[in-house]
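*Asks:* First the structure, which I've put down as structure tokens, then a few questions once you've had a look.
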Amino acid sequence: LCMFYANGLATLGVDVSIVSTGGVNVKHDQVQILSPSVDSEEDDGEEVGFATAIGKFDSLIDTISNERKGIANLSATTGGSTVIQMLRTKNQCHRYISTLTKSQQLIKDDGVFFGPGKANAHVKYLESLSPQKCTTLIPSSGFGPSTLQTLLENNILFSFKNNNKAIFARGWTMKDFWEEASWPRDSSGTGVRYGFVTEEEEDLDALFRAEQLQMQQRRPDASAERTLDPAEEAELDEQATEDRQNPYVKQIIGVEGLAEHVTSQRKSCVVFVAMRSCRTCKGINPVFTKIAREHGSDLMFAKADATGGAGKALGRQLGVDAVPSFVLFRNGIRYGAVSTSKLPSEKLTKAIVDLEAGKDFDLSLQEDDDD
């Protein structure tokens with residue numbers, strides 16, 4: 001698929017670079033082929049990531065993964081994940097497009113032993129749909145003569161097996177799976193593929209402090225850490241004791257706790273992210289416990305404290321910029337996040353229903369407003 005895009009864009013006069021771990025053949029000599037790491041011409045041959053080596057670029061088409069589902073920065077001014085934010089600020093790339101299909105995601109989640117059955121079944125389901133149930137895409141003005149005709153004249157065609165079906169559904173390939181699986185990961189421990197520019201530790205600290213300031217300005221009653229008097233400290237210690245004894249809500253302590261109880265166990269979970277000094281968090285805590293107690297499924301409910309160094313690191317890993325927030329996981333993979341200061345919450349309820357129904361996360365639910 002990446003070669004189809006590269007050949008097509010190059011035919012239309014676009015400067016194209018393909019980043020791959022190997023095995024790429026293109027028709028156009030003007031298409032540059034790079035590996036995830038590139039020898040720097042400025043730093044005595046030191047290896048740098050492909051995004052740093054290229055510098056500025058307009059768009060990035062990702063055919064094997066989706067960095068929008070990475071560590072999220074849900075700031076209203078930037079949106080998306082930190083990877084998307086860094087592409088904008090460091091590379092002036094304002095168009096990140098992932099073509100990852102649900103079939104590809106199923107293979108990533110369940111592996112090549114258990115995933116193909118689910119992925120192929122999903123493709124068959126899509127191909128069985130009536131064309132009337134599909135969304136009609138209306139091309140932009142002049143698309144035919146300026147784009148489509150040029151591609152056809154240069155034999156830029158995407159080949160597939162039709163099987164006499166009215167609908168073509170793009171599935172998955174073993175090549176794409178191994179390309180994504182063999183791609184080296186960034187040393188930050190975030191799971192981001194090497195070559196994408198990520199936040200350095202000091203940048204993350206500054207970002208977190210700025211987000212906490214925004215949180216205070218946006219929600220005066222949900223302030224960040226502050227100096228507490230002895231009475232408040234005693235009250236918080238009492239709350240911490242109650243949390244530890246809560247049989248319905250698992251306590252998550254730090255990034256290690258998240259890995260131990262959620263990601264490594266491939267749990268589907270709702271994590272209530274709070275801070276010790278957040279009055280709103282304390283106010284809705286009993287309601288969250290009630291929701292957990294009355295929820296009749298295997299979905300796990302957990303609470304994470306974003307206070308202190310370990311809490312701040314966990315907050316970055318969960319991708320929250322305000323408390324209270326609720327981060328949802330499906331089979332140990334971050335599904336989405338909802339920010340609300342009220343419980344019960346229609347947004348959180350819908351997110352949980354969609355999570356358990358196997359639907360994709362509704363991005364409108366992460367908008368920072370109250371129900």
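The values are calculated or read from the model by the stated rules, or taken from the named source; none is laboratory data. Remember, it's a predicted structure, so these values are computed and weren't measured experimentally. Please note: Cβ atoms are built from the backbone with ideal geometry, for glycine as well, and neighbour counts cover all protein chains shown. Side chains are part of the model used for accessible areas, which takes the heavy atoms of the whole protein and leaves out ligands, DNA and RNA. Shrake-Rupley method; radii C 1.70, N 1.55, O 1.52, S 1.80 Å.
*Asks:* Could you check segment 83-118 and list, in sequence order, the residues that are surrounded by 15 or more Cβ atoms within 10 Å (Cβ to Cβ) and of a type in the set (Phe, Trp, Tyr)?
*Replies:* Tyr96
*Asks:* In segment 87-128, which residue that is in contact with an Asp or Glu (Cβ under 8 Å, 6 or more places away or on another chain) and small (Gly, Ala, Ser) is nearest to Trp183 (Cα to Cα)?
*Replies:* Among those that are in contact with an Asp or Glu (Cβ under 8 Å, 6 or more places away or on another chain) and small (Gly, Ala, Ser), it is Ser98.
*Asks:* Give the number of residues within segment 119-144 that are open to solvent by less than 100 Å² (accessible area, probe 1.4 Å) and part of a helix (DSSP H, G or I).
*Replies:* Here the count works out to 11.
*Asks:* Any residue at all in segment 196-210 that's modelled with pLDDT of 75 or more, surrounded by 11 or more Cβ atoms within 10 Å (Cβ to Cβ) and either closer than 30 Å to Thr280 by Cβ or of a type outside the set (Ser, Thr, Tyr) (or both)?
*Replies:* yes
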